[in-house]
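Read through the structure below, which is laid out as structure tokens, and then see the notes.
The values are calculated or read from the model by the stated rules, or taken from the named source; none is laboratory data. This one's a predicted model, so the numbers in the text were calculated from it and none came from an experiment. Reconstructed Cβ throughout: ideal geometry from the backbone, glycine too, with neighbour counts over all protein chains shown.
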Amino acid sequence: MSMEFSPFCYLPEEMMMEILLRLPIKSILQSTSVCKPWNSLIKRNTFIKKHLKLTSNRISRDGPLLLLRHCPREPNVEQYSLHLDNHTFQEYSKPQLPAKSFNECFRIVGSCNGLILLSDDYLTETNTFILWNPSIRKSITLPKPHIPHSQYHTVYGFGFDAERDDYKIVKMVYEGHSRASPEVELYSLNSRSWRSITAASPKYEIARTMWSQVFVNGFIHFIGYCMEGEAFGNVVLGFDVCEEVFHEIKLPKDLASEVPNMVISVIGKSLAVQHYDSKHKCCNVWVMREYGVVESWTKQCTIDFLTQNFRVTKVLGSRKNGEFLLETYEAKKGEIVLHDPKKNTNEHLGIYTEPGYTSLEYYTESLVLLDQATSFADSMEQEEEE
């Protein structure tokens, strides 16, 4: 019997939508094959937005998934896994990359509303960007930017414009040590094009040693610095995705003039900074308890680089219970370790990695791109035809 004539296809649309919205994503995707009305309903932008809102409400209660990228030596390829933020760090699924990197692996620029922005620039700049939704196994290969990459320093950021329901990428190209403002270019998913916004260029350079970005409260955040005589002047540089302008947020006094060996991150819903202190061989984690309020910066904990059993090479991120995931190195072997700062204890997870290539992102399952995405292969074929 053809499912095209199933009586369930002809329930009132409002009722059908409420039922479908509460299904797991895998079941929602399977439902697109049941009948044409369901397919049309599920791929509608209003359905995708309502599903994202419901998912966001659930995440506020239960917390997001954690997307881990690691590169073991055997096999020497990047691997992705989604994990529940529970006491066992339980594996939820293993997303498969939509393409192979020209470099050793992709750079994960950032994650927003279920989309992952991948840039193929880890060792060699290829100007290749992929927007990837692993939940629905869809991706888009973006057109190449107009401004050529810099041999000195190029930085990217990824965020969501809630006013226009648009996903945007900001690109900053720095040319040498002149400290001149960078050229700035912006990509809009709605327009599928890049345009120059160099007029909004910031006076700060993005810290190179610990390249990072995070999207919080409608802003893409970076660690920015400039030279004030012989001293550093450090700030959190925020790019307003809606207004397309840069703003500055002051750092705590302890960090304002340090060598900018810092990573911008997020803990829960709060902006955070990891300061890698080479003198004391530790990482100091600072959290902004109230967004935009400089006085609310609080030093949450200190994580020592050296332990009896291993050396910490990177603080990957935090969990809702206050633990941190660390990339460690011991006896020519890298491993992911759970660190409890309250008890100062470490738990080995048995996940091995090549140090320097591990990344952790908060992740939200969504249907974003379902209404417009093409596969990577289709995109590449289209580019070749053009």
Filter region 1-17 down to the residues that are in a helix (DSSP H, G or I) and touching a helix residue (DSSP H, G or I) at 6+ places or on another chain (Cβ under 9 Å), then identify the one that is modelled with the lowest pLDDT. M3
Given the condition touching a residue at least 12 places away in the same chain (Cβ under 8 Å) and in contact with a Cys (Cβ under 6 Å, 6 or more places away or on another chain), answer yes or no: does some residue in region 307-318 qualify? yes
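Would region 111-124 turn up any residue that is touching a Ser or Thr at 6+ places or on another chain (Cβ under 6 Å), at pLDDT 90 or above and part of a strand (DSSP E or B)? Let's see the steps before the verdict.
Initial filter on region 111-124 (touching a Ser or Thr at 6+ places or on another chain (Cβ under 6 Å)): 113-114, 120.
This time we only want the ones that are at pLDDT 90 or above, so: 113-114, 120.
Then drop every residue that is not part of a strand (DSSP E or B), which leaves none.
No, region 111-124 contains no residue that is touching a Ser or Thr at 6+ places or on another chain (Cβ under 6 Å), at pLDDT 90 or above and part of a strand (DSSP E or B).
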Residues of region 284-312 being exposed (fewer than 13 other Cβ atoms within 10 Å of the Cβ) and in a strand (DSSP E or B), in sequence order, are L306
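Would you mind stating whether S33 is surrounded by fewer than 12 Cβ atoms within 10 Å (Cβ to Cβ), in a loop (DSSP other than H, G, I, E, B) and among the small types (G, A, S)? Break it down stepwise before answering.
On the way: surrounded by fewer than 12 Cβ atoms within 10 Å (Cβ to Cβ): yes; in a loop (DSSP other than H, G, I, E, B): yes; among the small types (G, A, S): yes.
Yes: the conditions hold for S33.
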Where N321 falls short, out of the listed (1) assigned to a strand (DSSP E or B); (2) touching a His at 6+ places or on another chain (Cβ under 9 Å); (3) farther than 27 Å from K253 by Cβ; (4) of a type outside the set (K, R): (1)
State all residues of region 82-119 that are free of Cβ contacts under 8 Å to residues at least 60 places away in the same chain, closer than 29 Å to V241 by Cα and of a type in the set (S, T, Y); if no residue qualifies, say none. S101, S119
Of I206, I197, the only residue that is among the aliphatic types (A, V, I, L, M), in contact (Cβ under 8 Å) with a residue 24 or more places away in the chain, farther than 24 Å from V263 by Cβ and touching a strand residue (DSSP E or B) at 6+ places or on another chain (Cβ under 8 Å) is I197
By residue number, the members of region 271-283 that are farther than 14 Å from Q213 by Cα, of a type outside the set (A, V, I, L, M, F, W, C), in contact (Cβ under 8 Å) with a residue 24 or more places away in the chain and surrounded by 15 or more Cβ atoms within 10 Å (Cβ to Cβ) are Y276
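State which residue is farthest from I108 (Cα to Cα) when the search covers only region 129-150 and only residues that are out of contact with any strand residue (DSSP E or B) (no Cβ under 6 Å at 6 or more places or on another chain) and surrounded by 18 or more Cβ atoms within 10 Å (Cβ to Cβ). Walk me through how you get there before you give the answer.
Of all residues in region 129-150, those out of contact with any strand residue (DSSP E or B) (no Cβ under 6 Å at 6 or more places or on another chain) come to 134-138, 143-144, 148-149.
Narrowing the set further to residues that are surrounded by 18 or more Cβ atoms within 10 Å (Cβ to Cβ) leaves 134-136, 138.
Working: P134: 13, S135: 16, I136: 18, K138: 16 Å.
Ranking the candidates gives I136 first.
Suppose the filter is free of Cβ contacts under 8 Å to residues at least 60 places away in the same chain, more than 19 Å from the chain's Cα centre (by Cα), crowded, with 21+ Cβ neighbours inside 10 Å and assigned to a strand (DSSP E or B); does H247 pass it?
No: the conditions fail for H247.
I need the full set of residues from region 283-316 which are of a type in the set (G, A, S) and at pLDDT 95 or above, in order please.
S296
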Check region 151-171 and report whether any residue there is of a type outside the set (D, E, K, R), on the phi > 0 side of the Ramachandran plot and surrounded by 22 or more Cβ atoms within 10 Å (Cβ to Cβ). no
